[in-house]
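Asker: Just dropping this structure here.
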Amino acid sequence: MLTRYSLLLAFLTTAAVSAQQSEPTLRDLARRWAPAPLVQTRQRELMPYPLEEIIPKADLVVHGRVKGAQSYLSGDERAVYTDYVITPIRVLYGPPSPPSGQAGGPRTVTLKRWGGQITLDGVSVTLEDRDLAQFQVGDELFLVLALDKSDGKYQLIGQVSGGFRVRNDKIEPLVSSPGYEHLRGRTIDELQTLTNRLHR
Amino acid sequence: MRMTSGPQSFFPSLLGNTVLAFFTEALSTSCNTPTVSSVVTRNFNVVACEPKWNLTGNPLVQEHLQATTITLYIPAGPLYDTLVGPNSNLAAASAVAAWNQALVGTGVTLQISDQNCGSGPACIPVSSTTNDLGGCAQYTGIPDVTTGEMRSSAIQLQAAYWPNASQDRLTRTIAHELAHALGLGHNKCALTNSLMSVPKVPGDFPTVYAACTDATGMTTLPNLTDILPLVQSTYGNHNRTVCGYGS
């Protein structure tokens, strides 16, 4: 049974890599339809991950504010990512020292997300995640993050599940889901208690 | 080459006479607004509850597939065996048949093939991925921002879930992603469980794995809430106006 599953997984991985390599790059697509802007959208059969499932997996749970954002083309030119610089207001769980930045410098966290807008060979290229809009500078957020050791940047756990807006110290789901409505209005203090319990 | 696109009944049994009357009238109307006001009001509430058609570009246009035959390309192998099967009666076949029934009169027909049909607007490749999608599956599309027609699109299934998912669960996944391909967004109403709603993960300590492999409590095929937006959209042909089909 295990062998059969392993073979299936190997087949799927190989097929996925092969399929990806045959896909045109964003530069190819931008040139094909230039000068029209290129828009690529992404929607899921969304299944928001419960906080009880994602907080134990988190490397960093933080309440912070978006200080800056920079979009860029990926190395293989098949995606646009945006790096958000987050200034922590309160670290609910995470490494004891500042996650990034030099000692004595500002405590910041870099959050990397799929999507964003760039100009490529004179063509506007926008990748739009329709389940979770791009963050804006100034947004106050509650974030459940995992560290990508390959580049030292953080990512939302579950792509879209680990992001909430904060207003007046209470969170609001950014993903529209009946399964998240019970979280609306929870305070950062309450989430601190939950995080402490799950990371005990 | 194996293909399937046979019709299959999907209308829910709770469909009432008044609702059916409105639906029939909307299909046959031209640009004249139906005059049975009480029925219209009742159904408008359903439509307003979403799902709605995605808009893109400037000016805002509704996204849709071309008014032609669209092939869902599922490569031969484990994916095809699980989603279609030798008798073409498994999950993807059910989802395609249900949407074909809903799309009658729009000029859009869906079919399944195990032969690669390319990456153009008439082909939707289905593949498996080990990347975390943040859900059970995802749909990516490149709409023409001027016309709203999809130039290219694809469906990816999460490899961690689909090999262990029930046929009902896979039917929901394919039908849901096809609805995105057709241009439908999510149903965000808290109390409505349509095909396009985001289901509440069940259980005391729920896991996404369970929700992506078990369809318990979920709508698996498009119901009236999902289909009604068809008759109030420009769907299927961007020259149509927002007045229903037959115009």
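The values are calculated or read from the model by the stated rules, or taken from the named source; none is laboratory data. In this text the structure is predicted, and so the values were computed from the model without any measurement. Note that each Cβ is placed from the backbone with ideal geometry, even for glycine, and that neighbours are counted across all protein chains shown.
Asker: Is it the case that some residue within the range B:154-172 is within 10 Å of chain A (Cβ to nearest Cβ), assigned to a helix (DSSP H, G or I), closer than 16 Å to B:Leu72 by Cβ and at pLDDT 75 or above?
Answerer: Within the range B:154-172, one or more residues are within 10 Å of chain A (Cβ to nearest Cβ), assigned to a helix (DSSP H, G or I), closer than 16 Å to B:Leu72 by Cβ and at pLDDT 75 or above.
Asker: For the range A:63-72, how many residues are surrounded by fewer than 21 Cβ atoms within 10 Å (Cβ to Cβ) and more than 22 Å from A:Ser124 (Cβ to Cβ)? Spell out the reasoning first.
Answerer: Here is the first cut: in the range A:63-72, the residues surrounded by fewer than 21 Cβ atoms within 10 Å (Cβ to Cβ) are A:65-72.
Filter again for more than 22 Å from A:Ser124 (Cβ to Cβ), leaving A:65-67.
Qualifying residue count, the range A:63-72: 3.
Asker: Name the residues in the range A:19-62 that are surrounded by 14 or more Cβ atoms within 10 Å (Cβ to Cβ), of a type in the set (Asp, Glu) and more than 7 Å from every other protein chain (Cβ to nearest Cβ), would you?
Answerer: Listed by number, the residues that qualify are A:Glu23, A:Asp59.
Asker: Count, please, the residues in the range A:151-194 that happen to be modelled with pLDDT under 90 and on the phi > 0 side of the Ramachandran plot.
Answerer: 2
Asker: In addition: Condition first: touching an Asp or Glu at 6+ places or on another chain (Cβ under 8 Å) and part of a loop (DSSP other than H, G, I, E, B). Now tell me which residues in the range A:22-38 satisfy that.
Answerer: Selection gives A:Thr25, A:Ala34, A:Ala36.
Asker: Could you check, for the range B:116-130, whether at least one of its residues is of a type outside the set (Ser, Thr, Tyr), part of a loop (DSSP other than H, G, I, E, B) and within 7 Å of another protein chain (Cβ to nearest Cβ)? Lay out the reasoning, then the answer.
Answerer: Residues of the range B:116-130 of a type outside the set (Ser, Thr, Tyr): B:116-118, B:120-126.
So of that shortlist, the ones also part of a loop (DSSP other than H, G, I, E, B) come out as B:116-118, B:120-122.
Now restrict to residues that are within 7 Å of another protein chain (Cβ to nearest Cβ): none.
For the range B:116-130, residues of a type outside the set (Ser, Thr, Tyr), part of a loop (DSSP other than H, G, I, E, B) and within 7 Å of another protein chain (Cβ to nearest Cβ): absent.
Asker: Read through the list (1) over 13 Å from the mean Cα position of the chain (by Cα); (2) in a helix (DSSP H, G or I); (3) facing another protein chain (nearest Cβ under 10 Å), then give the number of the only condition that B:Thr146 fails.
Answerer: B:Thr146 satisfies all of (1) over 13 Å from the mean Cα position of the chain (by Cα); (2) in a helix (DSSP H, G or I); (3) facing another protein chain (nearest Cβ under 10 Å) except (2).
Asker: Ok, one more. Are there any pairs with C-beta distances below 9 angstrom linking a residue in the range A:177-196 that is under 17 Å from A:Leu145 (Cα atoms) to a residue that is among the hydroxyl-bearing types (Ser, Thr, Tyr), with the two at least 6 apart or on different chains, and if so which?
Answerer: A:Gln192/A:Tyr93; A:Thr195/A:Tyr93; A:Asn196/A:Tyr93
Asker: So which pairs qualify, if the first residue must be in the range A:29-42 and closer than 13 Å to A:Glu77 by Cβ, the second must be part of a loop (DSSP other than H, G, I, E, B) and not polar (S, T, N, Q), the Cβ gap must be under 6 Å, and the two must be at least 6 apart or on different chains?
Answerer: Here the result reads A:Ala30/A:Asp121, each pair linking the range A:29-42 to a residue that is part of a loop (DSSP other than H, G, I, E, B) and not polar (S, T, N, Q).
Asker: Hey, any hits in the range B:191-213 for a residue that's over 12 Å from the mean Cα position of the chain (by Cα), modelled with pLDDT of 90 or more and part of a loop (DSSP other than H, G, I, E, B)?
Answerer: no
Asker: Considering only residues of the range A:120-145 that are at pLDDT 95 or above and among the small types (Gly, Ala, Ser), which is nearest to A:Pro37 (Cα to Cα)?
Answerer: Restricting to residues being at pLDDT 95 or above and among the small types (Gly, Ala, Ser), the top hit is A:Ser124.
Asker: Can you tell me how many residues within the range B:131-143 are at the interface with another protein chain (Cβ under 7 Å from one of its Cβ atoms) and more than 15 Å from A:Pro37 (Cβ to Cβ)? Walk me through it before giving the result.
Answerer: If we filter the range B:131-143 for residues that are at the interface with another protein chain (Cβ under 7 Å from one of its Cβ atoms), which is where we start, we get B:132-143.
Okay, now just the ones that are also more than 15 Å from A:Pro37 (Cβ to Cβ), so B:132-140.
Number of matching residues: 9.
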